[in-house]
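First comes the structure, then the notes that go with it.
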Amino acid sequence: MRKLAIIGIGLIKWGELWEKSIRQIAAEAISKCLEDAGTDRIDAMTIGNMSGGLFNGQEHLSSLIPDHLGRKNIPAMRIESACASGGMAVRTACLEVASGFSDYAIAVGVEKMTDISGNEATYALATAADQDYEAFHGVTFPGLYAMMAKAHMDRYGTTRDQLSSVVIKNHYNGSLNPNAQFPFKITSDQVLKSPMVSDPLRLLDCSPITDGAAAVLITTLEEAKKLKKQPVFISGIGHASDSIALSSRKDILKLEAVELSTDKALKMAGKSIRDIDFAEVHDCFSIAEIMILEALGVVAPGEGGKASSDGLTGLNGNFPVNPSGGLKSKGHPVGATGVAQICEAVTQLRGEAGERQLKNIRTGLTQNMGGSAGSSVVHILEVI
Amino acid sequence: MQVPRYWREIPKRYRLEAAQCKKCLNISFPEKFSCPECGSRDFKTIKLSGKGKISTHTIIRIAPEGFNDQVPYGMGIIEMDEGPRIMAQITDCDPEKLKTGDRMIYQFRRIREDGSTGVIMYAYKFVPDVGI
């Protein structure tokens, strides 16, 4: 297997991009990525996208996006794993290069979610759950994570304030990120006064509906040395699935796909979680970040809430999590999220993160998951 | 929704039919292609009693399409006395007063309608088991 490096990243400002279509935002992110890398070469393209069909009535992005880019003959493919589509697209681009099949592979993640109403978007997102045995009965994603939050509170005594501490921290980080959809700070009082969506989760516990795109260019470590930007080494990749229905799991507080994907990535990188300096994780809801901290092995099961409110995960904490602002503040265009996590890790490792720059870091981890953690993909990135 | 997509789930939705592995006796609801515990593909169909308790729950206040007229509604994972856990609505009660561990019993109810001319969908919902 050939060694892998990221040589370019491209991210656009996320938000409700009414004036732009899915093809336009994807092409903009790719163009920024190529400019960053200082090369135009693309041997293969992977496209992380959950549901062009439901959000835009548009499938066949593997033709649409290269076509709009003006590079209609690039071999492209769409990768779908619900909200983990972006991370899976990066992983697939890695396989292209690692296998020797392609030398330069670009992964672009894109989701254009505001072409349909909020109600329709809730339906589209719910297709990441079991259609016949969960969504059929009227459960929503906030509902699924609310049930996990309720169980976490019942078993471990996790508190409302601990959930809020995740949201406040991520919005603080996002306030320093010019590409974030909601780049402003919020207070505990604002969280408590936001409408209840699905008890105990309030509106400000939930990641938003976002239009966005992100891209990363991957090549071999050898090729990377020929280019202008400092390459970032991809030393570990892990991927696992779990049952789609939350009700199928013996223990709904055990995110098995996250645990297994993390273990695999760490093993491949020859590291333990103690060697990781920071992480970008899938905080689709406040409770998710708490449970992921536990699944990564950063803290013991049940201690994620306390660790969050004690400041472990802040920009100046011992294990910073989501310096970008996370899905909560930066936004969550589902197929783009996993790619953007890699963009943030690369930005931090290059020392280009401006006001939110972390100090003394060499190794970062990204964790992206689909549905109620029915799939998870982890990457480990290192400064060379 | 095409009618076959609805009717092929009827044995489970109307009658709580589950699959019991003949080898390790694990019960799957809904059935799986092979047993998640032992890998066997030899099952017998059993009917769940419809009785169980709340394992976790919430109240849905912002609903997906088709459920707007029902909010707020209780939703939970019910752990059946035979073992399987089922995601379902919890109804005929004040969802604010539900607690983990509360006893529940199956009821056959209307779930929603597929527009004004489509399928009217029925399945299980759960209500507090007051022992009547």
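Data table
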| read-out | value |
| --- | --- |
| Sites B:Lys51 and B:Glu113, calculated FRET efficiency, Cβ-Cβ separation with R0 25 Å, nearest 0.05 | 0.30 |
| Alpha carbon centroid spacing (whole Å) that separates segment B:60-74 from segment A:354-384 | 35 |
| Residue-count net charge about A:Leu203 - beta-carbon cut-off 12 Å; Lys, Arg +1, Asp, Glu -1 | +3 |
| Segment B:47-105, Rg to Rh (Cα coordinates; Rh as Kirkwood inverse mean 1/r) | 0.99 |
| Candidate aspartates and glutamates for bridging to A:Lys32, where Cα separation is under 18 Å - those fewer than 8 sequence places away on the same chain excluded | A:Asp40, A:Asp43, A:Asp67, A:Glu111, A:Asp211, A:Glu344, A:Glu352 |
| Extended-chain gain in nm, criterion 0.36 nm per residue less alpha-carbon gap, A:Gln131 and A:Leu203 | 23.5 nm |
| Approximate shape of segment A:1-142 as ellipsoid semi-axes (Cα gyration tensor, √5λ), whole Å, largest first | 29, 18, 12 |
| Sites B:Leu25 and B:Asp69 - FRET efficiency at Förster radius 45 Å, r taken between beta-carbons, to 0.05 | 0.60 |
| Equivalent ellipsoid dimensions for segment A:214-330 as semi-axes, Å, which come from the Cα gyration tensor, largest first | 27, 19, 14 |
| Along chain A, longest interval not containing exposed chymotrypsin sites (Phe, Trp or Tyr not before Pro), exposed being DSSP loop plus at most 16 other Cβ atoms within 10 Å | A:185-384 |
| Estimated inter-spin distance, B:Thr91 and A:Asn119, nm [label 7 Å along Cα→Cβ] | 1.9 |
| Interface A:B - total buried accessible surface [probe 1.4 Å, Å², rounded to 100] | 2900 |
| The protein assembly as shown: antiparallel DSSP beta bridges as a percent of all, rounded to 5 | 85 |
| Per residue convex hull volume, Cα atoms of segment A:110-168, in Å³ | 127 |
| Lysines whose Cα lies under 30 Å from that of B:Lys51, excluding same-chain neighbours fewer than 8 positions away | A:Lys150, A:Lys250, A:Lys254, B:Lys12, B:Lys22, B:Lys23, B:Lys32, B:Lys97, B:Lys99, B:Lys125 |
| Estimated [θ] at 222 nm from DSSP helical runs (n ≥ 4, -39500 (n - 2.57)) normalised by residues in the protein assembly as shown, nearest 500 | -9000 deg cm²/dmol |
| Segment A:81-143 and segment A:11-54: distance between their alpha carbon centers, rounded to Å | 15 |
| Where segment A:103-221 is the region considered: accessible area per residue in Å², 1.4 Å probe | 29 |
| Å² of accessible area per residue within segment B:3-128, as computed with a 1.4 Å probe and no ligands counted | 50 |
| Longest to shortest principal axis, alpha-carbon extents of segment A:172-252, angstrom | 53, 39, 21 |
| Net charge contributed by nearby residues that have their C-beta within less than 14 Å of A:Lys193 (K/R +1, D/E -1) | 0 |
| Set of segment B:19-50 residues, backbone N closer than 11 Å to the point 7 Å along the Cα-Cβ line of B:Asp81 | B:49-50 |
| Cα-based radius of gyration of segment A:1-82 once divided by 2.2 N^0.38 Å, which approximates compact folds | 1.13 |
| Cα pair distances in chain B, grouped into 10 Å bins until the bin that holds the longest one, percent each | 12, 37, 34, 15, 1 |
| Hydrodynamic radius by Kirkwood, which averages 1/r over all alpha carbon pairs of chain A, in angstrom | 20.2 |
| Qualifying GluC sites (Glu not before Pro) in segment A:1-62, DSSP loop, other Cβ atoms within 10 Å at most 16 | A:Glu16, A:Glu19, A:Glu59 |
| Any cysteine of the protein assembly as shown lacking a neighbouring Cys Cβ under 4.7 Å - listed by number | A:Cys33, A:Cys83, A:Cys94, A:Cys206, A:Cys284, A:Cys343, B:Cys93 |
| Reduction of at least 20 Å² in accessible surface, 1.4 Å probe, comparing all protein chains with the chain by itself, residues of segment A:243-265 | A:Ser247, A:Ser248, A:Lys250, A:Ile252 |
| Residues in segment A:69-91 that a label on A:Asp40 would reach, taking backbone N under 15 Å of a point 7 Å out along Cα→Cβ | A:69-74 |
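The values are calculated or read from the model by the stated rules, or taken from the named source; none is laboratory data. Keep in mind that what you see is a predicted model, and the values were worked out from it rather than measured. Cβ sites come from the backbone with ideal geometry, for glycine too, and all protein chains shown count toward neighbours. Please note that ligands, DNA and RNA were not included when accessible areas were found on the heavy atoms of the full protein model with its side chains. Shrake-Rupley method; radii C 1.70, N 1.55, O 1.52, S 1.80 Å.
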